[in-house]
Structures are given as C-alpha cells and as structure tokens.
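All remarks here apply to the structure that follows.
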Amino acid sequence: MMSSALASSLARRNVHYGWAVVAATFLTMLVTAGAVGAPGVFIVPLEKEFGWKTSEISSALAIRFMLFGLMGPFAAAFMNCFGVRRIVLTALIIVAAVLAASLAMTSLWQLVLLWGVGVGLGTGLTAMVLGATIATRWFSERRGLVMGMLSASTATGQLIFLPLLAKLTALYGWRLSVCFICAVIAIAAVVVFLLMRDRPADIGLPPYGAREIVPTAPHTESFGALLLSPLLILKEVAASGAFWVLFGTFFICGMSTTGLIQTHFIALCGDYGLASVTAAGVLAMMGVFDFFGTIGSGWLSDRFDNRWLLFWYYGLRGLSLLYLPYTDFTFYGLSLFAMFYGLDWIATVPPTVKLTTRYFGAEKTNVVFGWIFAGHQIGAATAAYGAGLTRTEFSTYLPAFFAAGIACIIAAVLVLALGKPEKSKAPSAIEAEATT
C-alpha cells in the first residue's frame, strides 16, 4: 500500500508517518475553513441578487455554526468507531454536494437548508475534534505543537481563500467562487484517501514519541450505544466546574471570532466604504499573524501554565475588539488591529485542548473537547445572528463588537477560576492511543 511504502521511506529519513497524517489533516481543515468562511464574502452579493436582509442571511449562517459545533462530540464517536479516513471523506463529499446544489438556489429556505444545515453537518464532522483526535492518537509527544499547527489551518484557509474568493466574486459572481471551493474539496478528498490512516498501529508504528505499538481495540458497541456515548460522557463531565469554565470561555471565543469577525468583518468594512477585496485582504493579514500566533501558542502550551496563556489571549483579544471602532477603518488602524487580534485568533485552542486532557484524561479528550467546542460554536451562532440583527435593526455593527470585547475581558478573568490541574503523568501506551 502507498501508506506503508511512504512510512518506510519516511522512516529511513527518521521522519514519523504521523507528520504525513498531520499534512492530510491540515489540508482537510484548511479547505473546511474555506467552506465555513466563504459565506462571509457572499453576504452583500446575496443581498443584492435576492433582496434578502442581513439578519435573514445570518440566520442560515448561525445554523451552520451551531451544527458545526454540535456535531463535534458525535464526530469524535464516529471516528472512534468507523475510522478517521471514512468520516473525513464522508464529510468532504457532503460539503461539496450541498455547495454544488446551492448554485441553483433561489429561495431563502434553500439557503438555510444547504448553507445552514448541509454545510453545518458536513463541516462539523471535520471540526477541531479532528485535530484533537489526530494529535492525541498519533502523538504522545509534541501534542501541543501539533494541535497548534492544525488549529492554524483555519488561519491559513482564511489567508488563502478569502481574498481569492472576494476577487472571484467581484469579477465573476459568487457562483464561480462556490465552484472553486468544490474543486479544492475534491483535491483534499484525494489526498485524504491516499495518506490518511486511522491509527499508527494500522501501519505497524507506535505513536510519535512512544516506543510500543498500541493495538487497535475492537468495537463491539451497537450503533445506538455509539450515539449515546457522547451524551453519557457529557453527563459525567457536567458535574465538573472545570468543564463549565472551559465551555463558557470557549463560548466567548466563538462569539468573538468566527461568529463575529469571520462572518461580518467584510460587511462591516463595507459600511465604512472599504471594498470587499480590501477587507478580505485585512482578514488575510490577520491570518498571517494567527498562523504564527497559533503555532507559537502550541509551543507555549507544552511549556507554561495554560490558564495564564488563556488569560492573556482573551484579555488582548478583548482590548483589540474594543479598539476596532476607533481605528476609523484606515489602513494603519486596521493593520494594527489585524496584528494584535490575529496573533491570538485561534491561539486559545492548544491551551484549551491541553487543559481538557489534564482535567478529563487523554482517552476522553476528543469527545469532551467536542462538547467544549460545541460551546464555541453556540457562541459563534449567537454572534453571527446577533450582529446581523444589530445591523438590520440599528444600521450598525458596533454594539456587537463592543459586547464581544467586554465578554473577552470576562473570559480572561473567568479562566483563572480554574484550579491548577495535577501535573500530567507520562502517557501510558493506552493514553498515547487516546481514543479507544
């Protein structure tokens, strides 16, 4: 098989095959980020073509964010049972199919069904839970760094796709942009098929940093028990205050990032006279800083108290959002905002995953983090709809941005309420596998 041959070739160069899996996962999460973020480019064109209100379009995008998060815990269970590669390929096919179908939409209910429900379910299968699964399953060392790299795929997707999509939309319309996304998803599906493997044991390897091969545990659960398992885990961890602090702060994280900036930033800049291509360029600038900030966050999360990292990330993000209305939307002002905001856009993910592992154990990380990430996306959905409603009712986005900035300050204080977790023990073979 190609994977075994590649694994042997990489081994001769002293490179673990897990890095090839990381590459395939990075590409998957990158194109998924493009699919999730693309509607932010399309808000104004859809308003002009169909006469839909911002709040109506935002309702579909809010459903997308909600399902994107709520699918996470179940996606983790599906990956544990059916395998990562099957679930990722299924997700990519769903997203490509519903986006292709949206080329013929003419009614608002079709937008809600396709871009809300369809894209939400499909991308939800490849949300941050996928990165957490790969990091804990393929790596017993460097997990924070790997999670940082995979989290940075969101920024990279934004950096690559949004300016290009804005340009294509301005020149040829939003439909050609959708076709482009579908083509990129097809390429990602081929790469996943060729490179992705479920576990290191599938090609006779231990996880990176471990010495023993972890055998794949047989799954004897019924499908009903499989669907029930995330709910049982939620019931168990809901008794922990640490879970609700992580859930609540990640709610604010989603509210202040994907739901607000990724969805409405281009339309906000348009309100102040900036062209969509220029606004997308500012988002791309954020993506550059976020790429390095998130990878750096992964490196830091392996070495420092993750609670204090989150304190600084949320605090600086809150200050940057409060500063945004005072930039006067000049190039200098927006560049300064892009730098400070971009550095910690997704930087909160590696410390949150590390804290999830420390409080609840590596073997439950992907499912528990799936529920925490659901909080992130509920926050994103709240901001996506709420900011759209604010613009429709008051003709301005600014109250939503002020509210998000204040919420981030609250999150920075709240995260310090977490008790210091006990220092992690060296991962056992079973913990290194992490997802039996």
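Structure above, values below:
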read-out	value
Cα gyration tensor of the range 14-170 - equivalent ellipsoid semi-axes, whole Å, descending	31, 17, 12
For the range 15-87, alpha-carbon Rg relative to the globular expectation (2.2 N^0.38 Å, N residues)	1.49
Global size of the range 236-342 as Cα Rg and Dmax, reported in angstrom	15.7, 51
Residue of 72, 173, 273 that the Gaussian network model of the chain assigns the largest fluctuation, springs spanning Cα pairs under 10 Å	273
Karplus 3J(HN,Hα) series, Hz, for the range 61-70 with 6.51 cos²θ - 1.76 cosθ + 1.60 (x for Gly, Pro)	5, 5, 4, 4, 5, 4, 5, 4, x, 5
Along the chain, longest interval not containing exposed trypsin sites (Lys or Arg not before Pro), exposed being DSSP loop plus at most 13 other Cβ atoms within 10 Å	14-210
Where Cα atoms sit under 22 Å apart: lysine pairs in the chain separated by 8 or more or lying on different chains	10
Tensor-based shape of the range 48-118 (alpha-carbon gyration tensor, a/c under 1.5 rounded, otherwise prolate or oblate)	oblate
Sites excluded, chymotrypsin sites (Phe, Trp or Tyr not before Pro) in DSSP loops with at most 14 other C-beta within 10 Å, longest stretch of the chain	1-271
Long-range HN-HN contacts of residue 139 with modeled amide H, under 5 Å	208
Rounded FRET efficiency, nearest 0.05, which uses the C-beta distance separating residue 15 from residue 109 and R0 of 45 Å	0.35
Derived scalar couplings ³J(HN,Hα) [the range 295-304; Karplus, 6.51 cos²θ - 1.76 cosθ + 1.60; whole Hz; x for Gly, Pro]	5, x, 5, x, 5, 5, 5, 7, 10, 10
Heavy-atom accessible surface of the range 282-331: percent carbon and sulfur, 1.4 Å	77 percent
Three-way shape label, the range 278-327, alpha-carbon gyration tensor, a/c 1.5	oblate
Inverse mean reciprocal Cα-Cα distance (Kirkwood Rh) of the chain, Å	21.6 Å
Cα gyration tensor shape for the range 118-168, rounded if a/c is under 1.5, else prolate or oblate	oblate
Base-10 log of normalised Debye intensity for the range 344-400 (one unit scatterer per alpha-carbon) at q = 0.18, 0.26 Å⁻¹	-0.68, -0.97
Note, ³J(HN,Hα) from phi for the range 76-81, Karplus 6.51, -1.76, 1.60, rounded to Hz, x at Gly and Pro	4, 5, 4, 4, 5, 8
Per residue accessible area in Å² of the range 313-384, where ligands, DNA and RNA are left out and the probe is 1.4 Å	29 Å²
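The values are calculated or read from the model by the stated rules, or taken from the named source; none is laboratory data. Nothing here was measured: the structure is a model prediction, and the numbers come from that model. When we count neighbours, we look across all protein chains shown, and the Cβ atoms used for this are built from the backbone with ideal geometry, even at glycine. Side chains included, ligands, DNA and RNA excluded: accessible areas come from the protein's heavy atoms. Shrake-Rupley method; radii C 1.70, N 1.55, O 1.52, S 1.80 Å.
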